[in-house]
1. For the range 255-399, what is the accessible area per residue in Å² when the probe is 1.4 Å?
2. Would you mind calculating the gained length between Ala276 and Gln294 on full extension (0.36 nm times residue separation, minus the Cα-Cα distance), in nm to one decimal?
3. Modelling each spin label as a point 7 Å along the Cα-to-Cβ direction, I'd like the Gln133/Lys318 distance in nm, to one decimal.
4. Lys and Arg at +1, Asp and Glu at -1: add these up for the other residues within a Cβ distance under 10 Å of Pro391 and post the number.
5. Please report the net charge: other residues with Cβ closer than 12 Å to the Cβ of Phe65, K and R +1, D and E -1.
6. Given only helices, namely DSSP H runs of n ≥ 4 each adding -39500 (n - 2.57), what is the per-residue ellipticity at 222 nm of the chain, to the nearest 500 deg cm²/dmol?
7. Among Val54, Val110, Val132, which one moves the most in a GNM of the chain with springs linking Cα atoms closer than 10 Å?
8. If you line up the Cα atoms of the range 211-346 on their principal axes, what length do they span on each, largest first, in Å?
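The values are calculated or read from the model by the stated rules, or taken from the named source; none is laboratory data. Nothing here was measured: the structure is a model prediction, and the numbers come from that model. Because the Cβ atoms are built from the backbone with ideal geometry, glycine has one as well, and the counts that use them run over all protein chains shown. To get the accessible areas, we keep the full protein, side chains included, count just its heavy atoms, and leave off ligands, DNA and RNA. Shrake-Rupley method; radii C 1.70, N 1.55, O 1.52, S 1.80 Å.
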Amino acid sequence: MASNSSTSPRRVVITGVGAVTPVGNDMPTTWRNLLDGQSGVGRIQRFDPDAWGVKTPIAAEVRDFDAESVLPDVKALRHMDLNTQYGMASGLEALADSGLEINEDNQHRVGIIFGSGGGGMELVTRWQDTLVQRGARRVSPFAMPNLIADAASGHLSIATGATGPNYSPTSACATGANAVADGMLHIQSGRADALLVGGSEAIILPLFHICFERMGVLATPAEPLTASSAPYDLHRNGFVPGEGAAAMMIEDLDHALERGAPIYAEVVGGGSANDAHDIAQPESHGRGLMVCVQQAMSESGINPESVGYVSTHGTATKLGDLVEVTALKRMFGAHAYDLSLSSIKPATGHMMGASGALEVIVSAMVLKNGVAPPTLNYETPDPELDIDVIPNKARELDIEAALSFSVGLGGHNAAVLLRRFDE
């Protein structure tokens, strides 16, 4: 495999993608349903909302996921949280899609950076209940290594044999995007030739749903329920929780070309910053978001006018959507009105630690396929958000570069900039 023989940063490309989402249990299905305007939002099935006093009983859940059909170690599967199962499935799909074979000769040059906002929260609540109700001797010895946030990255290493850089970033809803940006740096510096990067989340559980309710950030159920999340609309009032995972294989360009790998897009910039403002609310001028986007732009060498599409965070909260648009206008000036934006969260719900990774994949698919998914449920324009959000119907786009950014609890911001790859 390629080695760190050059002093200049190496070019980084996406060669494989995978996903488990509320609109598809693989990336091709997810992409097709996003373009078709399908939504995975519905009444919660994972638990009984009425029994827990839940007032907003809607979520975007993964449906019909058969872990045994996609994961190799059924014995280990019994101890895994859904968070890890989703992450494993998306990661193995991305690896297969890339066509990369990991063996004894190259395994030290292949790594995994795969994060989660919460980790194995279903296992945490399960074993806490077991401890209280049945005592310490009933708690499984497999509980601890499977409930921690890096369980997916560890299991992916075991399943693939990749022994290179391996860790799990945790930055709330910015986690998946940070994993991609970190992976780019590892490859540029020569520490690795290829990395599986991404994020997963599975927190559709009573405690966490009620926590979001108490924060006042959840969307009011609409009729039909699929219309509940409405980013950038004047009447937007919150997000719908989602779950799932998304993963990419990113590689050194020369290494990818040498083996004839498929290339979706080039990763040309990444950024990470914090608002240093509030643990829950974004800073009103988008300070941290602007910093991380500017980082991504400056290291890419791309002219801002070349950016044609933005896969936004777009949670449909009053302040959050306003902050994003405000920051874009300040960064891009008049060009902000030439940008095409979309939020996929009305379709997938807010997939937390997985959302940023999926949105980077969506940006890559836009560049490769020349079509962008819509922002669903956009009915009434907000005069303060007077930019193009690709309302309700997919749109053909012929663009050079695409930007994806994420904003997370704790003031975390992350951005990834992609360029179309033309052979």
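1. Working: 5170 Å² over 145 residues.
I get 36 Å² per residue for the range 255-399.
2. Values: separation 18, 0.36 × 18 = 6.48 nm, distance 1.71 nm.
Length gained, Ala276 through Gln294: 4.8 nm.
3. Going by the 7 Å Cα→Cβ label model, 4.0 nm.
4. Values: positive: Lys393, Arg395; negative: Asp233, Glu379, Asp388.
Around Pro391, the charge tally is -1.
5. Details: positive: Arg46, Arg63; negative: Asp26, Glu61, Asp64, Asp66, Glu68, Glu243.
Residues near Phe65 contribute -4 overall.
6. Estimated from H runs of four or more residues: -10000 deg cm²/dmol.
7. For the chain, modelled as a Gaussian network with Cα springs under 10 Å, the answer is Val132.
8. Result, largest extent first: 52, 32, 30 Å.
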